[in-house]
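Where a number appears in this text, it was derived from the coordinates with a stated rule and is not lab data. Worth saying up front: this structure is predicted, and the values here are computed from it rather than measured. Methodologically, a virtual Cβ is constructed for each residue, glycine included, from the backbone with ideal geometry; neighbour enumeration extends over all protein chains shown.
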Amino acid sequence: MGACRSGSRILRLSLAAPPRTPWGGYFSPMASLRPLTRVLGAAVLATTLTQCALAQSTTQKTQRDLKRSGLALESLAGQVVAVMPLTHVVRDTALTDSTMMASRAAFQEWADSLLGEVLQERAPEVSWLLPPELQKVARKGAGMIPEPDRMGQSVMRSDRLEQVPDPLRSNLRTLMALAGGRYVFIPASIYFDRDEEGAVRATVYAVLADTRTGQVAWRAKNAVGAGPNRDGALRAALVTFLPDETAP
């Protein structure tokens, strides 16, 4: 009964006319809450915009870092980055020593091995997924994607490409979903010839691709090195975008 009386009293109060204000109008409880609502809404909006701005700023900083002439290793630290196998090598006919005359398969295997060695040596803070391990990952998706050396990644040697074209893009996205990462390092092509002084010269065309957006996050620029042999030339070209962070 007490509860019923309380309920009826509340009902009568709610039906009663609202109290008058000193200036003749009626006092509305909801009207008194409107300024507070506006203040709270503005505060929530400001907080949301601040969070969005911070997130956008972080993303833009990462993109700026990755677009530097050298590969921004600090932006990749702790991440799994797949390294695609090399599928395009061009050797000038003037290079006739036995190491330069090796079969294409043997030459590409040597280049993949040296590239992996330099990446791990210069950037141990990145979890590089090198071609042999990448092949094993790709086999988990057998039937969904081709082998990593058959995806057509050499197309990325063109500096006009700012987006990874399909079907390479979709294949890389699936591959990295299996590998558990986002970025793929693609050594698209290597060209060997001799420089003006007769040394072996290597020019590397490489990109870092973001498999979530399909964008080219970074591209090697002027990655050219010379040496007495193919090993020295390729290593010199690679270190142009993999600076030794431990050097004084």
Taking the number of other C-beta atoms within 10 Å as the exposure measure, put MET144, MET101 in order starting with the fewest. MET101, MET144
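Most exposed first by the Cβ proxy, i.e. fewest other Cβ within 10 Å, how do ARG230, ARG139 rank?
With the fewest neighbours first, ARG230, ARG139 line up as ARG139, ARG230.
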For segment 83-207, compute Rh as the Kirkwood radius over C-alpha pairs and then the Stokes-Einstein diffusion coefficient at 4 °C and 1.567 mPa s; write the answer in µm²/s, rounded to an integer. 83
Over segment 132-197, the quotient of the Cα radius of gyration and 2.2 N^0.38 Å is 1.32
Segment 167-248 shape via C-alpha gyration tensor axes, a/c threshold 1.5: prolate
At a threshold of 8 angstrom on Cα-Cα distance, excluding pairs fewer than six apart, so keeping six or more, what relative contact order does segment 118-248 reach in percent? 21
HN-Hα couplings for segment 155-161 via Karplus (6.51, -1.76, 1.60; θ = phi - 60°), in whole Hz with x for Gly/Pro, come out as 4, 6, 6, 6, 6, 7, 7
Overall dimensions of segment 88-162 as given by Cα atoms, namely Rg and Dmax in Å: 15.1, 43
With 0.36 nm assigned to each residue of separation and the Cα-Cα distance removed, LEU95 to LEU114 gains 4.9 nm
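Express the Stokes-Einstein translational diffusion coefficient of segment 126-169 in µm² s⁻¹, to the nearest whole number, given a Kirkwood radius over alpha-carbon pairs, 20 °C and a viscosity of 1.002 mPa s.
180
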What percent antiparallel are the DSSP beta bridges of segment 72-238, to the nearest 5? 65
